[in-house]
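Reviewing the structure listed below.
Computed from the coordinates by the stated procedures, all read-outs in this text should not be read as laboratory data. A quick note: this is a predicted structure, and the numbers were derived from the prediction, not measured.
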Amino acid sequence: MRAALFGILIACAAAQPLAAEQYYREELRIPVPGAGPHGLEALLVRPQGREPYPLALISHGTSHDAQVRQDMTPYGF
């Protein structure tokens with residue numbers, strides 16, 4: 001579920017090809033017990049405005065290697 005939520009947040013960035021200044025962008029920390037004290041790092045990107053927009057979730061998955069996981073960010077896409 002954590003990966004699914006993260007993917008949804010990232011997918012918003014690719015939903016529609018708009019100019020960069022027309023996007024709302026927010027960096028988030030999602031508290032999850034298994035993710036350590038800082039939680040999961042996520043990036044929410046959506047078009048400006050209050051209209052309902054389709055939602056997509058993109059998850060990059062995870063690595064079994066702790067060092068690789070430490071270096072993963074939402075900006076990897």
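Couple of notes before you dig in:
- For LEU28, the amide hydrogen comes within under 5 Å of the amide hydrogens of ALA42, LEU43, LEU44, counting only partners 5 or more places away or on other chains and with H modelled in the peptide plane.
- Annotation: amide H-H contacts under 5 Å for ILE58 (H modelled 1.01 Å from N, sequence separation of 5 or more, or interchain): GLY7, ILE8, LEU9, ILE10, ALA11.
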